[in-house]
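Worksheet for the structure shown next.
Nothing in this text is a laboratory measurement; each read-out follows from the coordinates by a stated rule. Model, not experiment: these values are computed from the prediction. Note that we place each Cβ from the backbone using ideal geometry, even for glycine, and neighbour counts take in every protein chain shown.
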Amino acid sequence: MELTAAFVLHHRPYRETSLLVDVLSRDHGRVSLVARGQRQQSKRRRNVMQLFQPLWLSWYGQGELVTLSQVEVSDAAYRLLGNASLCGLYMNELLYRLLPLQEPETDLFDTYQRTLEQLQNNSHQQQVTLRLFEKALLSELGYGLQLDIEVDSGQPLQDELNYLYQPDSGPHLYQAGSGNASIVSGRSLRHLREGQGFDEISLKQIKTLMRTVINYYLGGRPLHSRQLFAGLKQFNSK
């Protein structure tokens, strides 16, 4: 592959001098590659592979693990500070965990880059930004949320009613005793569908909904970035 746009999602040491790197590429989706000798490079060259850095990458090989042959910086790295950095780590981990290997994700790549820009420039809308990214990611994976109708009756969702959202089907009219893990109002689902109008109540309900749905597709595997969020929240409360 000759020079395709990409971002590093995750990397870890490999043997004595190399790195195993997972990237999100515009033309080939998530790619796992070996960056041979990368840990022997000068500090400046090692930093090229930092997170949130727009890159041009080339690689060669077949199968699920390929070999990096060229890396170039294409633009300035996005500067995510404080909670925005944790949001970026969370996005990266979702992509790393949920995306299949080597399937083109052009729209998702553009959404990811646009979300990084929003996190860099708007510190007051991080929750909204993450919820909309999660929504787009689920849609691209073929797990798009049902946000229009109640699945049992086929009737349009109503703002004033509450629904129990099941990840594998969608919103069911809530009835007492049917559980409460993902109770969400029609109003909150409308905010998510329209991508606007969010307030404290709808954001709280949608956050719970998204956590339930994403946990379902993760098969219950924990996210390290969520643990970082929880640790930071606990630290700030001291």
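Quick check on the range 50-65. Is at least one of its residues of a type outside the set (Asp, Glu), under 15 Å from the mean Cα position of the chain (by Cα) and buried (at least 16 other Cβ atoms within 10 Å of the Cβ)? Yes, there is a match, as at least one residue in the range 50-65 is of a type outside the set (Asp, Glu), under 15 Å from the mean Cα position of the chain (by Cα) and buried (at least 16 other Cβ atoms within 10 Å of the Cβ).
Inspect all residues belonging to the range 180-192 and state whether any of them is closer than 19 Å to Leu108 by Cβ and touching a Lys or Arg at 6+ places or on another chain (Cβ under 9 Å). Yes, the range 180-192 contains a residue that is closer than 19 Å to Leu108 by Cβ and touching a Lys or Arg at 6+ places or on another chain (Cβ under 9 Å). With a requirement of 1 or more residues that are closer than 26 Å to Gln120 by Cβ and touching a residue at least 60 places away in the same chain (Cβ under 8 Å), the strands (runs of 3 or more DSSP E) lying completely within the range 10-98 that satisfy it span 18-25, 29-35, 65-73.
Listed by position, the helices (runs of 4 or more DSSP H) inside the range 102-218 whose residues that are exposed (fewer than 13 other Cβ atoms within 10 Å of the Cβ) and either touching a Pro at 6+ places or on another chain (Cβ under 9 Å) or on the phi > 0 side of the Ramachandran plot (or both) number at least 1 form an empty set.
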